[in-house]
Amino acid sequence: MCHQFRLPALYEISQYLKHDLNLPLVKPTFNSEAGDIFPGKTAPVLLYQNNQLQLAQKTWGYPSPKDNKPLFNARIERFYEAKPSMWDKSFARQRCIIITSEFFEYSKKTYSAGNKKYHESFSFSDREHPLTLIAGIYDQNHFAMVTTEPNQEMAPIHNRMPLVIKPEELRHWLFQNFTDLINRQNFKLQVKQLPHKN
């Protein structure tokens, strides 16, 4: 379950989308700084709304119908189950793209530092592109990160992974049937183990 990603500067995001990917992005009307994003924090996501491809500020995590904890990861498989879910409308019509420089995950393996135990931590990024695109969904002022089965790089570390997409798949996720994007076995991730705490 991804709980943290690194947000690039808004200028870097805009340059990548407009100049590298040649997308007709509307100029953002807000400011956003680079930094680490956790559930409950606000970040810009890419979506198509009012006939415009735009960046919109939204909070990571849907309000839970049961308690105050935000629901910030949505399993892609949930959309295909017969039982209705709170995610269905968003998967069908409200998809977005989360833009990161990298995202982070803990593994089950632990190490000791002083009198405490910590889980090994890793960062992941798109091996072939300067920024990493992750499938997301949104509803009103909230967004969630979409997850899928892990690929060969993620599997030894965690049993789920964000549904990362390639730049050429961006329109596919936003506008089309996304069934063939679920399997990410061929997506090459750059994996780095983070330093241990002292």
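Structure summary
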quantity: Any hit, the stretch 110-121, residues being under 17 Å from the mean Cα position of the chain (by Cα) and at pLDDT 90 or above; calculated: no
quantity: Scan of the stretch 125-145 for residues that are hydrophobic (A, V, I, L, M, F, W, C) and either modelled with pLDDT under 95 or touching a Lys or Arg at 6+ places or on another chain (Cβ under 8 Å) (or both), ordered by number; calculated: Leu133, Ala135, Ile137, Phe143
quantity: Elements of type strands (runs of 3 or more DSSP E) contained in the stretch 98-198, each with 1 or more residues being touching a strand residue (DSSP E or B) at 6+ places or on another chain (Cβ under 8 Å) and open to solvent by 100 Å² or more (accessible area, probe 1.4 Å); calculated: 102-113, 116-126, 189-193
quantity: Qualifying residue in the stretch 80-90 (condition: assigned to a loop (DSSP other than H, G, I, E, B), open to solvent by less than 40 Å² (accessible area, probe 1.4 Å) and at pLDDT 90 or above); calculated: yes
quantity: Residue in the stretch 56-71 that is of a type in the set (Phe, Trp, Tyr), open to solvent by 40 Å² or more (accessible area, probe 1.4 Å), within 15 Å of Asp139 (Cβ to Cβ) and in contact (Cβ under 8 Å) with a residue 12 or more places away in the chain present; calculated: no
quantity: Residue in the stretch 163-173 that is more than 27 Å from Ser107 (Cβ to Cβ), among the hydrophobic types (A, V, I, L, M, F, W, C) and over 16 Å from the mean Cα position of the chain (by Cα) present; calculated: no
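The values are calculated or read from the model by the stated rules, or taken from the named source; none is laboratory data. Predicted, not measured: the structure shown is a model, and the values here were computed from it. In this analysis, Cβ positions are derived from the backbone assuming ideal geometry, glycine residues included, and neighbour counts consider all displayed protein chains. Areas reflect the complete protein model, heavy atoms only, side chains present, ligands, DNA and RNA absent. Shrake-Rupley method; radii C 1.70, N 1.55, O 1.52, S 1.80 Å.
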